[in-house]
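Asks: Shown below is the structure under consideration.
All of the numbers you see were taken from the coordinates with simple rules; none came from a lab. Computed from a predicted structure; not experimentally measured. Here the Cβ positions follow ideal geometry from the backbone for every residue, glycine too, while neighbour counts run over all protein chains shown.
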Amino acid sequence: MKNMWYIKRLYKAGMIASCIAAVSACGLIPSKEVEYKQARPLPPLEVPPDLITPAMDAGAIIPATPVLQAPSDSPRAAPAETGNGGLASNAPENVRVERDGAQRWLLVKSEPAALWQKMRGFWQENGFTIAQEQSSLGILDTSWEENRARKGEAASFFRKSFDFLRSSSTRDQFRVRLESGVTPGTTEVYLAHRGMEQTARGDAVAWQPRPSDPELEAEMLKRLALYLGTSEAKADEIKGALSATLPERATLSKDTQGQLALILAEDYANAWRRTAQAIDHLGLKVDDQDRAKGIYQVRFSGKAPEKQEKGFFSRLFAPKEDKEATPYQLSLSDREGKETRVIVLDMAGNRDNSAAAQRLLTLLHERLK
């Protein structure tokens, strides 16, 4: 028996070809778009435990929620505001790119509390709902959505008339982290992308992780800059700066006792920021953090993502895998102002060199190198 999933895909492909041919006289104007809207209900995402936590379950399953108004082809800026924490219009200097090694983030002239609601409005305008928000930690996670971008006028016609026939085989989720800037009255905005893709395995369809997309992160940060009142030209400069690549700055090493450590070739302040972004990219649950003590308390299952491949029914009837996640402490310590060492501790504060702890450091290294 042929795979029903493939039959449906072929049917949709035929409909797409017919519709495009019918409107070909309208002409095609190539353009690069990123467009999200609420997805139709699908089987639950097969998300590995390393990438999701109990508090994020709602964001990892495509929800059956009402469709939001789709965003326009060009991001529009939010109305300018003034006053406490507000952003004045026509003031590109209010948003700029900050750099440290391979890490990029936005520095916004606004207090974190004032910027928080703007972040919620930005994601809702771009077709996302808020899956989880931890205002005390400055962390906001979006829902999983599909990029429904099209190209050209014919595609625009198709989108309006036959959108119900199509469902993308990829999903995207974003995490935003807000931190107070070094300069009073400023906020550092970090963004991390996580992706999933749908693959066929025999008669089953499963969701598997795909690499984070730095270009997509840069595009969404550009849109955020526009939303906050930055000019189009300045936003393009911001995206260009965000897309630049730099050499590796992290290594794994073992001491004489065989204990694994992650060494970052940067000072403590920068290492703290970069580690936070790596945690966001991995989708680890952050229970607590203490910058003064150099501690991130996270939850991690210890299992490699590629080994978390279960079918739909085993996922449906099995207990939630997130319950297997164990709390760990990531400890950062300064080394003469030139390097920062990252090690794993258990919740009692003892050095943890277990296989799971080493796996956690290895995953962080892959993000920070």
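Asks: At 7 Å along the Cα-to-beta-carbon direction for both residue 267 and residue 98, put a label point, then send me their distance in nm to one decimal.
Replies: About 1.3 nm separates the two model spin labels.
Asks: Peptides 116-124, 218-226, 129-137: what's the order by average Cβ count within 10 Å, highest mean first?
Replies: Ranked from most to least packed, the peptides come out as 218-226, 116-124, 129-137.
Asks: With a point put 7 Å past each Cα toward its Cβ, work out how far residue 233 is from residue 203 in nm, to one decimal.
Replies: Label at residue 233, label at residue 203, 6.2 nm between them.
Asks: Please work out whether region 97-141 counts as rounded, prolate or oblate from its C-alpha gyration tensor, where a ≥ b ≥ c are the square roots of the eigenvalues and a/c under 1.5 means rounded, while otherwise a/b larger than b/c means prolate and anything else oblate?
Replies: Prolate, because a/c is 1.5 or more and a/b exceeds b/c.
Asks: Using alpha carbon centroids, what distance separates region 178-227 and region 107-148, in Å?
Replies: The two parts, judged by their Cα centres, are 12 Å apart.
Asks: What is the gain in length, in nm to one decimal, between residue 182 and residue 215 on full extension, counting 0.36 nm per residue of separation less the C-alpha to C-alpha distance?
Replies: 9.2 nm
Asks: Among residues other than residue 181 whose Cβ falls under 12 Å from its Cβ, what is the net charge (Lys/Arg +1, Asp/Glu -1)?
Replies: My count for the surroundings of residue 181 gives -1.
Asks: Subtracting the Cα-Cα distance from 0.36 nm times the residue separation, let me have the gained length for residue 135 to residue 251 in nm, one decimal.
Replies: Answer, rounded to one decimal: 38.5 nm.
Asks: Moving on to the next point. Give me the extension gain from residue 290 to residue 241: residue separation times 0.36 nm, minus the current Cα-Cα distance, reported in nm with one decimal.
Replies: 14.6 nm
Asks: Sequence-distant or interchain residues sharing an amide H contact under 5 Å with residue 210, placed H: which?
Replies: Under 5 Å from the amide H of residue 210: 195, 196, 197.
Asks: Using each residue's phi in region 325-338, evaluate 6.51 cos²θ - 1.76 cosθ + 1.60 at θ = phi - 60° and report the 3J(HN,Hα) Karplus result to the nearest Hz, with x for Gly and Pro.
Replies: Coupling constants for region 325-338: 5, 10, x, 9, 10, 8, 10, 9, 9, 6, 10, 6, x, 10 Hz.
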